[in-house]
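The next block holds one structure in the form of structure tokens; read it before the comments.
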Amino acid sequence: MADSEGRTVRRLERAILELLRRRGPTATICPSDAARAVYEGDDDGWRALMEPARRAARRLVDAGEVHITQGGRPVEPSEARGPIRIRRAHRPGPPPADE
């Protein structure tokens with residue numbers, strides 16, 4: 001991966017995580033949401049960032065941060081064909097405190 005492409009993918013990773021953080025725990029985003037967030041123009045140049053956005057999502061799957069879904073179900077990134085959605089991975093945490 002070229003250095004500038006690597007920086008773009010890392011920016012897309014941060015955008016994906018930030019977009020998901022702003023939404024509910026089970027909400028999903030489209031890779032185009034991240035591409036639009038990172039693209040600095042006001043035309044449809046964000047479309048050129050779609051494959052890098054999908055690549056960023058795959059890296060985040062490998063890191064355990066997100067799931068890629070199709071039809072509402074998690075899929076292996078290598079098996080995903082066509083439109084995908086991205087959602088936060090549910091991480092085990094401490095049980096809620098008793099009130």
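Are any residues in segment 22-36 more than 11 Å from the chain's Cα centre (by Cα) and within 22 Å of Gly64 (Cβ to Cβ), and if so, which ones?
Those that are more than 11 Å from the chain's Cα centre (by Cα) and within 22 Å of Gly64 (Cβ to Cβ): Arg22, Arg23, Gly24, Pro25, Thr26, Ala27.
Among the residues of segment 9-18, is any in contact with a helix residue (DSSP H, G or I) (Cβ under 8 Å, 6 or more places away or on another chain), open to solvent by less than 90 Å² (accessible area, probe 1.4 Å), basic (Lys, Arg) and modelled with pLDDT of 95 or more?
Within segment 9-18, one or more residues are in contact with a helix residue (DSSP H, G or I) (Cβ under 8 Å, 6 or more places away or on another chain), open to solvent by less than 90 Å² (accessible area, probe 1.4 Å), basic (Lys, Arg) and modelled with pLDDT of 95 or more.
Looking only at segment 46-72, which residues are open to solvent by less than 60 Å² (accessible area, probe 1.4 Å), farther than 13 Å from Glu13 by Cβ and in a strand (DSSP E or B)?
Ile68, Thr69, Gln70
Quickly run through segment 22-45 and pick out the residues that are open to solvent by 30 Å² or more (accessible area, probe 1.4 Å), modelled with pLDDT of 95 or more and assigned to a helix (DSSP H, G or I).
Passing the criteria: Asp33, Arg36, Ala37.
The values are calculated or read from the model by the stated rules, or taken from the named source; none is laboratory data. Since the model is a prediction, treat every value here as computed from it, not as a measurement. Positions of Cβ are generated from backbone atoms using ideal geometry, with glycine treated the same way; all protein chains shown enter the neighbour counts. Side chains included, ligands, DNA and RNA excluded: accessible areas come from the protein's heavy atoms. Shrake-Rupley method; radii C 1.70, N 1.55, O 1.52, S 1.80 Å.
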